[in-house]
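**Q** Have a look at this one before I ask anything.
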Amino acid sequence: MTEVTRQLAVDVAIIGAGPAGLTAGYLLTKQGKSVAVIEKDATYVGGISRTVEHEGYRFDIGGHRFFSKSQQVVDLWNEILPDDFIQRPRMSRIYYEGKFYSYPLRAFEALGNLGILRSTSCMVSYGWSKLFPVKDVKSFEDWTSNQFGKKLYSIFFKTYTEKVWGMPCNEMSADWAAQRIKGLSLWGAVTDGLKRSLGLNKKPNDGQAVKTLLETFRYPRLGPGMMWDAARDKMLATGKGHVFMGHAMKQLAADGEGGWRLSATGPDGEILIKAAHAISSAPMRELSSRLHPLPASTLQANDLKYRDFLTVALMVEGEDLFPDNWIYIHDSKVKVGRVQNFRSWSPEMVPDEAMACVGLEYFCFEGDGLWSMSDHDLVELATSEMKTLGLLDPAKVKGGAVVRQEKAYPVYDEYYAANVDAMRRELEGKHLTLHLVGRNGMHRYNNQDHAMMTAMLTVENILAGERLYDTWCVNEDAEYHEAGDEGAEKAIASRTVTEDQAAALASLREVPGRVASKADRRAA
């Protein structure tokens with residue numbers, strides 16, 4: 001049995017030092033509450049928003065732009081990190097067969113890059129889809145082929161989408177396609193391109209109002225981890241906060257008096273934290289298996305699934321390979337899904353002006369072939385794939401590093417909503433002092449500001465001694481787009497969720513579900 005080397009009593013125990021956990025810890029200690037945070041990673045805070053450093057090079061795990069339509073979130077970012085934001089131009093394109101394509105697609109540019117024969121084939125395919133569309137639209141493939149034609153679908157949608165989600169497009173639901181690409185069509189892209197060529201659109205993204213993407217964004221000069229390092233440091237500086245790195249949750253046990261006993265194992269043994277409240281950003285599946293008493297919904301929690309992710313960073317001699325922040329790789333000959341250019345995020349991410357640094361992103365499942373490859377083999381694979389793509393000379397690669405991120409994306413299968421709801425309802429009914437926050441803590445594919453807002457509202461609930469706010473609430477009418485002004489929603493004095501808070505709670509991303517089975521469709 002592991003020896004308990006330390007015991008600690010605090011007001012609130014927090015599992016996970018990601019954006020949600022550290023937001024809660026920072027705000028609670030500001031209000032005089034004592035807090036203890038455990039973090040499984042031995043080195044970095046920030047979770048998926050951490051910045052990993054290797055020989056002076058800094059890597060952002062997936063790319064994190066700091067944008068929110070919630071003024072409360074923007075204000076908190078500025079409070080935690082007042083002097084270290086920089087404004088960066090946003091540029092991301094699709095890379096296909098040696099050519100770059102704007103994203104969102106610009107029809108004339110795309111057809112020009114494809115050449116006369118392939119463009120003609122694409123237009124014929126589009127016309128065919130309009131004359132003879134798939135009548136019984138069930139899948140992502142059906143819906144997107146109807147919108148763009150089979151040829152454009154296969155070039156610009158199929159390969160990348162299957163890399164990210166690990167399932168065939170003909171098994172992904174059409175509903176997800178309609179949400180993800182709504183408002184975009186080939187005809188819309190053509191008319192938008194015509195307006196551009198005539199000078200009728202003044203801004204680069206006019207005509208793409210439905211899924212407009214920001215032209216610039218704010219970014220911490222040393223990467224997103226800089227924000228969460230600062231939050232941790234400010235929390236510790238109050239004298240009310242404790243952070244235990246390299247400590248994994250062993251058990252979270254109800255103490256029979258409405259409070260909690262959190263045990264965690266670390267490099268020097270086991271710690272025991274006694275607290276009146278517990279906040280968990282741990283994956284729901286993991287939390288359920290470590291709760292005592294074991295929840296009745298453990299079977300449902302165990303059925304929750306995740307998509308994993310790894311980045312292979314290559315240090316390359318010479319100039320940056322492309323000016324974009326990242327590019328999407330739509331080539332089926334390689335496994336890489338995106339390539340980040342870290343200097344385009346911030347010049348300070350790359351310490352040597354004579355070197356470039358790119359991050360190849362691979363989407364996988366924990367334990368599969370990619371995930372299980374050695375770091376050396378992954379660096380070799382990344383180098384080889386960049387050569388295949390024609391983006392670099394392997395002789396110029398001077399080093400490499402691998403960063404793995406387990407449970408990066410919650411999977412939305414046909415049962416996930418019922419499974420999440422079963423666990424949520426049981427825990428809310430039995431444990432008023434246990435609070436779930438963040439992406440994995442709530443099994444929601446969210447943005448950083450959503451994770452923070454769930455923590456901000458949880459802090460309000462703890463300080464009030466009652467659940468004033470429903471942190472699971474999403475304003476269905478507050479559709480979230482990265483368009484409009486940052487902090488555009490102003491707070492309304494109310495104990496219901498304000499418009500400003502709803503703007504962050506609606507900061508969720510669409511995730512594909514599987515096509516319903518015949519039995520499910522008959523039942524419906």
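**Q** Please report the equivalent ellipsoid semi-axes of the stretch 17-136, computed as sqrt(5 x eigenvalue) of the Cα gyration tensor, largest first, in whole Å. Each step should come with its number before you reach the end.
**A** Working: eigenvalues 427, 70, 49 Å².
In descending order the semi-axes read 46, 19, 16 Å.
**Q** I would also like to ask the following. Normalising by the residue count of the chain, find the relative contact order in percent from Cα pairs under 8 Å and 6+ residues apart. Intermediate results must be reported in sequence, preceding the final value.
**A** Working: 1077 pairs, mean separation 123.3, N = 524.
Relative contact order, the chain: 24 percent.
**Q** A follow-up question, please. Using a basic spin-label model with each label point 7 Å from the Cα along Cα→Cβ, how many nm lie between residue 468 and residue 43?
**A** Distance between the two pseudo-spin positions: 4.1 nm.
**Q** In whole percent, and with a 1.4 Å probe on the protein chains, what portion of the accessible area of the chain is carbon and sulfur? Before the final figure, lay out each step's value.
**A** On the way: 11490 of 22610 Å².
Heavy-atom surface of the chain belonging to carbon and sulfur, 1.4 Å probe: 51 percent.
**Q** Sticking with this one: Starting from the Cα of residue 396, step 7 Å toward the Cβ, then list every residue of the stretch 302-341 with an amide N under 16 Å from that point.
**A** Residues 314-324, 340-341 fall inside that zone.
**Q** Distance from the Cα centre of the stretch 91-147 to that of the stretch 397-476, in angstrom?
**A** Centre-to-centre (Cα) distance: 36 Å.
**Q** Considering the zone a paramagnetic label at residue 9 would reach in this model (a point 7 Å from Cα along the Cα-to-Cβ line), which residues of the stretch 255-293 have amide N under 18 Å from it?
**A** 255-263, 271-278
**Q** I'd like the Karplus ³J(HN,Hα) series for the stretch 226-237: coefficients 6.51, -1.76, 1.60, θ = phi - 60°, whole numbers in Hz, and an x wherever there's a Gly or Pro.
**A** Taking θ as phi minus 60°, the curve returns 4, 4, 7, 4, 5, 4, 4, 5, 5, 5, 5, 5 Hz for the stretch 226-237.
**Q** At 0.36 nm per residue, minus the direct Cα-Cα distance, what do residue 233 and residue 508 gain on full extension? Give it in nm, one decimal, please. If you can, show how the numbers build up before the last one.
**A** On the way: separation 275, 0.36 × 275 = 99.00 nm, distance 2.85 nm.
Full extension from residue 233 to residue 508 adds 96.2 nm.
**Q** Amide H to amide H under 5 Å from residue 338: which residues, 5+ apart in sequence or cross-chain, H placed 1.01 Å off N in plane?
**A** 329, 361
**Q** For the stretch 158-165, take each phi angle, set θ = phi - 60°, evaluate the Karplus expression 6.51 cos²θ - 1.76 cosθ + 1.60, and give the result in whole Hz per residue in order, putting x for glycine and proline.
**A** 5, 4, 5, 4, 5, 5, 5, 9
**Q** Below 12 Å, Cα to Cα, which aspartates and glutamates can residue 151 reach? Residues fewer than 8 away in the same chain don't count.
**A** Within reach: 141.
**Q** If we sort 310-317, 293-300 on the protection proxy, mean other Cβ atoms within 10 Å, highest first, what's the order?
**A** 310-317, 293-300
**Q** Report residue 151's accessible area, 1.4 Å probe, all protein chains in place, as a number in Å² to the nearest 10.
**A** The accessible area comes out at roughly 100 Å².
**Q** Among the aspartates and glutamates, which fall within straight-line cross-link reach of residue 135, defined as a Cα-Cα distance under 20 Å, with same-chain neighbours fewer than 8 residues apart omitted?
**A** Within the straight-line cut-off, residue 135 pairs with 171, 175, 520.
**Q** Kirkwood hydrodynamic radius (Cα pairs, Å) of the stretch 282-413? Provide the component values of the computation, followed by the final result.
**A** On the way: mean 1/r = 0.0606 Å⁻¹.
One over the average 1/r among Cα pairs gives 16.5 Å for the stretch 282-413.
**Q** Now a separate question. Which Rg and Dmax, in Å, describe the Cα atoms of the stretch 77-137?
**A** Spelled out, the Cα radius of gyration and Dmax of the stretch 77-137 are 19.9, 58 Å.
**Q** Mind checking the full-extension length gain between residue 87 and residue 170? Use 0.36 nm per residue of separation minus the Cα-Cα distance, one decimal, nm.
**A** On the way: separation 83, 0.36 × 83 = 29.88 nm, distance 4.01 nm.
Taking residue 87 through residue 170 to full extension adds about 25.9 nm, to one decimal.
**Q** Can you give the calculated 222 nm mean residue ellipticity of the chain, where each DSSP H run of n ≥ 4 adds -39,500 (n - 2.57) and the sum is split over every residue, rounded to the nearest 500 deg cm²/dmol?
**A** Details: 20 runs with 181 residues, N = 524.
Estimated from H runs of four or more residues: -10000 deg cm²/dmol.
**Q** Here is a further query. Within the stretch 13-32, whose backbone N sits under 19 Å from a point 7 Å along Cα→Cβ of residue 79?
**A** In the stretch 13-32, the label zone of residue 79 (backbone N under 19 Å from the point 7 Å along Cα→Cβ) covers 18-32.
**Q** Based on the alpha-carbon gyration tensor of the stretch 391-464, what equivalent-ellipsoid semi-axes (square roots of 5 times the eigenvalues) come out, in whole Å, largest first? Each step should come with its number before you reach the end.
**A** On the way: eigenvalues 278, 61, 19 Å².
For the stretch 391-464, the semi-axes come out at 37, 17, 10 Å.
**Q** At residue 130 and residue 415, where each label point lies 7 Å from the Cα along Cα→Cβ, what is the point-to-point distance in nanometres?
**A** 4.4
**Q** From the cross-link list 240/274; 387/407; 99/305; 333/396; 33/430, which pairs have alpha carbons spaced over 26 Å apart? Let's see the in-between values first.
**A** Numbers: 240/274 15 Å; 387/407 29 Å; 99/305 36 Å; 333/396 22 Å; 33/430 24 Å.
Listed pairs above 26 Å: 387/407; 99/305.
**Q** Could you sort 456, 373 by their accessible area in this structure, using a 1.4 Å probe and putting the largest first? Mind showing how you got there, number by number?
**A** Numbers: 456 20, 373 55 Å².
Largest accessible area first, the residues go 373, 456.
**Q** Sticking with this structure for a sec: Kirkwood hydrodynamic radius of the stretch 204-319 from all distinct Cα pairs, in Å? Could you put the intermediate results ahead of the total?
**A** Working: mean 1/r = 0.0529 Å⁻¹.
Answer for the stretch 204-319: a Kirkwood hydrodynamic radius of 18.9 Å.
**Q** Now for a different question. Once the whole set of protein chains is in place, how much accessible area is left on residue 252, using a 1.4 Å probe, in Å² to the nearest 10?
**A** In the full protein context, residue 252 sits at about 0 Å².
**Q** log₁₀ I(q)/I(0) of the stretch 384-429 at q = 0.15 Å⁻¹, via Debye over equal Cα point scatterers, no solvent, to two decimals?
**A** -0.64
**Q** Follow-up question, since we're still on this one. Using the Karplus curve 6.51 cos²θ - 1.76 cosθ + 1.60 with θ = phi - 60°, what ³J(HN,Hα) values do you get for each residue of the stretch 53-69, in whole Hz, with x for Gly and Pro?
**A** 10, 9, 6, x, 8, 10, 10, 8, 7, x, x, 10, 7, 9, 9, 8, 8
**Q** Can you list, largest first and rounded to whole Å, the semi-axes you get for the chain by taking the square root of 5 times each eigenvalue of its Cα gyration tensor? Before the final figure, lay out each step's value.
**A** Values: eigenvalues 313, 147, 107 Å².
Taking √(5λ) for each Cα gyration eigenvalue gives 40, 27, 23 Å.
**Q** Figure the gain on full extension for residue 353 and residue 432 (residue separation times 0.36 nm, minus the Cα-Cα span) and round it to one decimal in nm. Write out the running numbers ahead of the final one.
**A** On the way: separation 79, 0.36 × 79 = 28.44 nm, distance 5.37 nm.
Here the segment from residue 353 to residue 432 would lengthen by 23.1 nm.
**Q** Then there's this: Given a 1.4 Å probe and the protein chains all in place, what does the accessible area of residue 118 round to, in Å² to the nearest 10?
**A** 90
**Q** Right, another one. Below 13 angstrom from the Cβ of residue 304, what's the summed charge of the other residues (Lys, Arg +1; Asp, Glu -1)? Walk me through the numbers before you get to the answer.
**A** On the way: positive: 285, 305, 307, 407, 424, 439, 444; negative: 286, 303, 413, 414, 421.
The answer is +2.
The values are calculated or read from the model by the stated rules, or taken from the named source; none is laboratory data. Small disclaimer: the values here were computed from a predicted structure and weren't measured. Using ideal geometry, Cβ is built from the backbone for each residue, glycine included, and neighbour counts are taken over all protein chains shown. Ligands, DNA and RNA are stripped out before the accessible areas are found, and what is left, the full protein with its side chains, is counted by its heavy atoms. Shrake-Rupley method; radii C 1.70, N 1.55, O 1.52, S 1.80 Å.
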